[in-house]
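Student: Before I ask anything, here is the structure I am working with.
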Amino acid sequence: MPAADLNDWAAALSLAIAGYGALSVPYFLLVDADPADFDPRPAMRRALDSGRLDPALIAVANTRHAATEAADRARALPRETALTVAALLMLLTATPEATR
């Protein structure tokens, strides 16, 4: 029998994780859980108050600002292009005396 390669190990690991998950479902369905255990708000409040998420929040705000600026530039681009084309056409169709 040939030695197991990386694909065989990955398949075995995936099968083990899937089996563990499938066998865990009855346990998690039958355990006495409080609905407050599934409420993420207290944990998020603690994370926000600690300041650990500040760099991520700043990055999100900066990304939103950059996306808004990019959208504004993209919205103005057809108008600027049309003005440039119109000016070039006026220069091309003008008589030589008019461009001196």
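Student: With axes computed from alpha carbons, what is the tilt in degrees of helix 6-30 against the longest principal axis of the chain, rounded to the nearest 10 within 0 to 90?
Tutor: It works out to around 70 degrees.
Student: I need the phi-derived Karplus couplings for the range 80-89: 6.51 cos²θ - 1.76 cosθ + 1.60, θ = phi - 60°, integer Hz, Gly and Pro marked x.
Tutor: 5, 5, 5, 5, 5, 5, 5, 5, 5, 5
Student: With point charges of +1 on the Cβ of Lys and Arg and -1 on the Cβ of Asp and Glu, referenced to the Cα centre of the range 8-62, which listed residue (GLY51, LEU15, PRO26) lies farthest in the positive direction of the dipole?
Tutor: Result: GLY51, furthest along the dipole toward the positive end.
Student: Give me Rg over Rh for the chain, both radii from the alpha carbons and Rh done the Kirkwood way, two decimal places.
Tutor: 1.44
Student: Place a +1 charge on the Cβ of each Lys and Arg in the chain and a -1 charge on the Cβ of each Asp and Glu, then give the dipole magnitude about the Cα centre in debye, rounded to the nearest 20.
Tutor: It works out to roughly 600 debye.
Read-outs throughout are calculated quantities, based only on the coordinates presented, and are distinct from any laboratory measurement. Keep in mind that what you see is a predicted model, and the values were worked out from it rather than measured. Cβ sites come from the backbone with ideal geometry, for glycine too, and all protein chains shown count toward neighbours.
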